[in-house]
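First the structure, in the form of structure tokens, and then the observations on it.
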Amino acid sequence: MSTHISAKPGEIAPRVLMPGDPLRAKYIADKFLERPACINEIRGMYGFTGLYKGEQVTVIASGMGTPSLMIYMTELCREYGAKQFVRIGTCGAVRESLKVGDLILSTATSTTSGINLYDLPGTFAPAADFDLSRRAWEQAQRAGLKLYAGTTLCNDHFYVEDKPIYSRKWEKWGILASEQEGVGLYSVAAREGVQALMLLTVAANLYHPEDAMPAEERERGLDRMILLGLDTLVGK
């Protein structure tokens, strides 16, 4: 039985949408799922299973940071047999040209985290599943959405000093944006043999912090990304 998820066997769908915020998970279930049923409330980490376009989907929060996401995702894989994961979240752009509200498909992630200290003769490179990436790109094209695809940074440090200097260093290596869960998502997917993809909405640009997205919009104003994530999971 799962340590952190109270769902019974059969209550978790093979397809899982993972926002970080528990209230965003509830918002998604209430607005986008048919007949949503609450399947987890432990630690306030809401999870719901319902129908989207006739297909069963689970929406469950991951919490903040890589360790939290890895706990929930590992249990979803090992205890409930989940097979496909789409993480949706906000990020800080480190490419100066990106604007608040832009959508990003993370193809792979660099990291400042030491979470992947496995017994490997090298450094593991966490990357997105190609099939889910292709599906998301095609769904975005059909919906007329501008989607930026490229590598992102998973950063353990939310509060960064000298943000423009920090951003410039990562931008030189082609990094689009910084967030805090991607390395866990792609690493667990590789370890457990499942598919995963991360979609992000730019909530701030580290060069221009004055343009940051308001907190209420972070919680409720991300419908384009939510729909893209759901459509990617169900392939419709």
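Could you list, in sequence order, the residues of the range 64-88 that are buried (at least 19 other Cβ atoms within 10 Å of the Cβ) and over 11 Å from residue 188 (Cα atoms)? Passing the criteria: 68, 80, 82, 84, 86, 87, 88. Of all residues in the range 102-128, those being modelled with pLDDT under 95 and in contact with an Asp or Glu (Cβ under 9 Å, 6 or more places away or on another chain) number 5.
Just one of (1) within 20 Å of residue 129 (Cα to Cα); (2) in a strand (DSSP E or B) fails for residue 36. It is (1). Taking the criterion of being within 20 Å of residue 232 (Cα to Cα) and part of a loop (DSSP other than H, G, I, E, B), the residues of the range 9-20 that qualify are 12, 13, 14, 20.
None of 118, 148 is aromatic (Phe, Trp, Tyr) and farther than 21 Å from residue 233 by Cα except 118. Considering only strands (runs of 3 or more DSSP E) fully contained in the range 147-236, which possess at least 1 residues that are among the acidic types (Asp, Glu) and buried (at least 16 other Cβ atoms within 10 Å of the Cβ)? Fully inside the range 147-236 and qualifying: 177-179. The set of residues in the range 1-19 being surrounded by 19 or more Cβ atoms within 10 Å (Cβ to Cβ) and at pLDDT 95 or above consists of 12, 13, 15, 16, 17, 18, 19.
The values are calculated or read from the model by the stated rules, or taken from the named source; none is laboratory data. Just so it is clear, the structure is predicted and the values come from calculations on it, not from any experiment. Positions of Cβ are generated from backbone atoms using ideal geometry, with glycine treated the same way; all protein chains shown enter the neighbour counts.
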